[in-house]
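Asks: Can you keep this structure in mind? I'll have questions shortly.
The values are calculated or read from the model by the stated rules, or taken from the named source; none is laboratory data. All values derive from a computational prediction rather than experimental measurement. Note that we place each Cβ from the backbone using ideal geometry, even for glycine, and neighbour counts take in every protein chain shown.
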Amino acid sequence: MLKRMHLSNFKAWQQAEISFGRITGIFGTNSSGKSSLLQLLLLLKQTRNATDRGLVLDFGSSTDLVNLGTFTDAVHMHDKQKSMAWTLEWSLPDSLTIDEPMQAPGQGMLEGDIIETTCEVGLRQDRLWTHRLEYRFGGAEFRLVHGGKNKYNLETQNTEFKFKRNTGRARPLSSPVKTHLFPDDVRNLYQNTDFLWDFVLKYEALMDSIFYLGPLREYPRREYHWAGSSPLDVGPRGERTVDAILSAARDGETRSLGKRMKRRSFEEMIAYWLQKMDLVREFQIKEIAEGTNLYHASVKTTRDSAPRALTDVGFGVSQVLPALVLLYYVPEGSLVLMEQPEIHLHPAVQAGLADVMLNVARTRNVQIVVESHSEHLLRRLQRRVAEEQVSADDLKLYFVSTDRGRAKVEDLILNEWGEVENWPENFFGDELGEITAIADAALQRRMAGS
């Protein structure tokens, strides 16, 4: 579970620090920097997956998770003299918990399940370099830092353990690889560094647990081709949603709404929520003809209506479908990032989507970070806190705005009654002002007509 992120000099952010809950909601004005908080995580995931180890950061292209251009485009105020840095703190999911405390040779045990990593990158002679790579665990710090003149030093802090250099090998250390890997010559030049790669594996597991759904979804299709693949997710535009449903159905996957509740097939679970949101009465996907690998997704909008293709019903079904499927398809313990999942959805459906998130967070231990403009989604979260269906401690809410070109984030204080104690001015626009203006205009017209 991701617990905290600190970043500096990234896009609109000079500095930012946020803590994460089981569900983290990021709200705010347009172009304020909300999406950038998600983009940093996507940038790191994209870099982890890059096949080119020579890339410090994979800023991407139009076909990638995120496309940030160059370092100059991404660094705060486009100032090439600045360094970009970030710190991530996370706890290991159950499947990755260290069963026995890690032990660096020559020191005591490293106990706990919280890991932090810090990285700092910047330009030197117009080339991007990783200046510092650091991991912290059990109170001890292990880092590779730039010492000047292309020299790097391997250091420790808050521990009696010291790295032991091999004798007769005086050549300098290389720079970190990407933003999370120690170079191979660390192993070659030191006797007691194997445990550092445990940190790397845990970091890569964190990146692998991140899944993303963007704000723009693909249009529904009348026919879907599926050749039996099992996608990792539904794709950033939801383009693999039907593939995911068919894969889960073939493998006999089931899901539950909670303890002591009947398990449902994957397709039944998706249909349940579509019906719960009052979008459809029935949902199914069938092969058009046996052996064609062509499938038809259909819905019934009322009990007595004929089945209709997704292309022939309201746009909301096809837009919410990728969000539902992603939340139930990803492995338990995953971290799901969503941008504006409420686009094209009726207010009641937006509120229903909040209930889906709460259910998935509770039953599947999926952590969700959602960037949204939806008042209805937020209000449903508040209501469920007031109804004691979720603890306020499980939710983290933020409001992002700008001040003289710099993004700033405000931690919204949600109490046990579901109330936001420090509601920002004009959070969702000037609602009271609109109501007052309507009343005033109506009064003026009545007076003019009398």
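Asks: Can you tell which of P307, P331, P347, P322 is closer than 27 Å to E89 by Cβ and either touching a strand residue (DSSP E or B) at 6+ places or on another chain (Cβ under 7 Å) or not aromatic (F, W, Y) (or both)?
Replies: P331
Asks: I'd like to check something: does the range 302-322 contain any residue that is more than 18 Å from S265 (Cα to Cα) and of a type in the set (K, R)?
Replies: The answer is yes, given that some residue of the range 302-322 is more than 18 Å from S265 (Cα to Cα) and of a type in the set (K, R).
Asks: Could you check the range 372-414 and list, in sequence order, the residues that are within 24 Å of A323 (Cα to Cα), of a type in the set (A, V, I, L, M) and under 21 Å from the mean Cα position of the chain (by Cα)?
Replies: L377, L378, L381, V390, A392, L395, L397, V400 - these are the residues of the range 372-414 that are within 24 Å of A323 (Cα to Cα), of a type in the set (A, V, I, L, M) and under 21 Å from the mean Cα position of the chain (by Cα).
Asks: If you don't mind, another one. Within the range 263-270, identify whether any single residue is in contact with a helix residue (DSSP H, G or I) (Cβ under 7 Å, 6 or more places away or on another chain), of a type outside the set (A, V, I, L, M, F, W, C) and touching a residue at least 60 places away in the same chain (Cβ under 8 Å), and answer yes or no.
Replies: Looking for residues that are in contact with a helix residue (DSSP H, G or I) (Cβ under 7 Å, 6 or more places away or on another chain), of a type outside the set (A, V, I, L, M, F, W, C) and touching a residue at least 60 places away in the same chain (Cβ under 8 Å), one finds none in the range 263-270, hence no.
Asks: Right, here's the next one. Take E371 and tell me if it is of a type outside the set (K, R) and in contact with a Pro (Cβ under 8 Å, 6 or more places away or on another chain).
Replies: No: the conditions fail for E371.
Asks: Oh, and also: For the range 176-198, which positions are crowded, with 16+ Cβ neighbours inside 10 Å and in contact with a Ser or Thr (Cβ under 7 Å, 6 or more places away or on another chain)?
Replies: P176, K178, T179, H180, P183, V186
Asks: Could you grab me the full set of residues in the range 243-267 that are part of a helix (DSSP H, G or I) and hydroxyl-bearing (S, T, Y)? Step through it out loud before you land on a result.
Replies: Pass one, the range 243-267, residues part of a helix (DSSP H, G or I): 243-250, 266-267.
Passing the criteria: only S247.
Asks: Further question on the same structure: Just to be sure, is L337 hydrophobic (A, V, I, L, M, F, W, C), modelled with pLDDT under 95 and within 24 Å of R383 (Cα to Cα)?
Replies: no
Asks: Within the set of pairs 6 or more residues apart or between chains, which connect a residue that is free of Cβ contacts under 8 Å to residues at least 60 places away in the same chain and closer than 30 Å to H376 by Cα inside the range 271-290 to a residue that is aliphatic (A, V, I, L, M) and in a strand (DSSP E or B) with Cβ atoms less than 6 Å apart?
Replies: V280/V299; F283/V299
Asks: If you scan the range 412-425, which residues turn out to be in contact with a strand residue (DSSP E or B) (Cβ under 9 Å, 6 or more places away or on another chain) and either in contact (Cβ under 8 Å) with a residue 60 or more places away in the chain or surrounded by 18 or more Cβ atoms within 10 Å (Cβ to Cβ) (or both)?
Replies: Within the range 412-425, L412, L414 meet the criteria.
Asks: To continue, here is another question. Output the number of residues of the range 205-232 satisfying the condition of being touching a helix residue (DSSP H, G or I) at 6+ places or on another chain (Cβ under 6 Å) and not hydroxyl-bearing (S, T, Y).
Replies: Number satisfying all stated conditions: 9.
Asks: Also: Output the number of residues of the range 238-272 satisfying the condition of being more than 21 Å from D312 (Cβ to Cβ) and surrounded by 14 or more Cβ atoms within 10 Å (Cβ to Cβ).
Replies: Summing the residues that are more than 21 Å from D312 (Cβ to Cβ) and surrounded by 14 or more Cβ atoms within 10 Å (Cβ to Cβ) in the range 238-272 gives 16.
Asks: Now, a different point. Based on this model, can you work out whether Q444 counts as in contact with a helix residue (DSSP H, G or I) (Cβ under 9 Å, 6 or more places away or on another chain) and polar (S, T, N, Q)? Write out each step before concluding.
Replies: Values: in contact with a helix residue (DSSP H, G or I) (Cβ under 9 Å, 6 or more places away or on another chain): no; polar (S, T, N, Q): yes.
The answer is no for Q444.
Asks: Please identify the pairs in which a residue from the range 134-150 that is on the phi > 0 side of the Ramachandran plot has its Cβ atom under 7 Å from the Cβ atom of a residue that is assigned to a strand (DSSP E or B) and crowded, with 16+ Cβ neighbours inside 10 Å, counting only partners at least 6 apart or on another chain.
Replies: So the pair list comes out as G138/L110.
Asks: Filter the range 12-61 for residues that are of a type in the set (K, R), under 21 Å from C119 (Cα atoms) and buried (at least 21 other Cβ atoms within 10 Å of the Cβ) and give the result.
Replies: If the condition is that a residue be of a type in the set (K, R), under 21 Å from C119 (Cα atoms) and buried (at least 21 other Cβ atoms within 10 Å of the Cβ), then K45 is the only one that fits.
Asks: Residues that are among the small types (G, A, S): which strands (runs of 3 or more DSSP E) entirely in the range 107-208 hold 3 or more of them?
Replies: In the range 107-208, 140-148 are the strands (runs of 3 or more DSSP E) which contain 3 or more residues that are among the small types (G, A, S).
Asks: Identify, from the list S247, S175, the residue that is touching a residue at least 40 places away in the same chain (Cβ under 8 Å) and among the hydroxyl-bearing types (S, T, Y). Give the derivation first.
Replies: On the way: S247 fails: touching a residue at least 40 places away in the same chain (Cβ under 8 Å).
Exactly one residue qualifies, and that residue is S175.
Asks: Among the numbered criteria (1) over 20 Å from P341 (Cα atoms); (2) modelled with pLDDT of 95 or more; (3) part of a loop (DSSP other than H, G, I, E, B), which single criterion is violated by V234?
Replies: (1)
Asks: Go through the residues of the range 52-61 one by one and say whether even a single one is closer than 22 Å to E339 by Cα, in a loop (DSSP other than H, G, I, E, B), among the hydrophobic types (A, V, I, L, M, F, W, C) and touching a strand residue (DSSP E or B) at 6+ places or on another chain (Cβ under 7 Å). Walk me through how you get there before you give the answer.
Replies: To start, the set of residues in the range 52-61 that are closer than 22 Å to E339 by Cα comprises 58-61.
Next, from what is left, pick out any that are in a loop (DSSP other than H, G, I, E, B): 58-61.
Now narrow it down to the ones that are among the hydrophobic types (A, V, I, L, M, F, W, C): 59.
Narrowing further to those that are touching a strand residue (DSSP E or B) at 6+ places or on another chain (Cβ under 7 Å): none.
No: zero hits.
Asks: Given the conditions (1) part of a loop (DSSP other than H, G, I, E, B); (2) without any contact (Cβ under 8 Å) to a residue 12 or more places away in the chain, and given that L65 satisfies all but one, which numbered condition is not satisfied?
Replies: Condition (2) is where L65 drops out.
Asks: To continue, here is another question. Any idea which residue in the range 1-43 is farthest from G69 (Cα to Cα), counting only those that are of a type in the set (K, R) and touching a helix residue (DSSP H, G or I) at 6+ places or on another chain (Cβ under 9 Å)?
Replies: Once the filter is applied, the top-ranked residue is R22.
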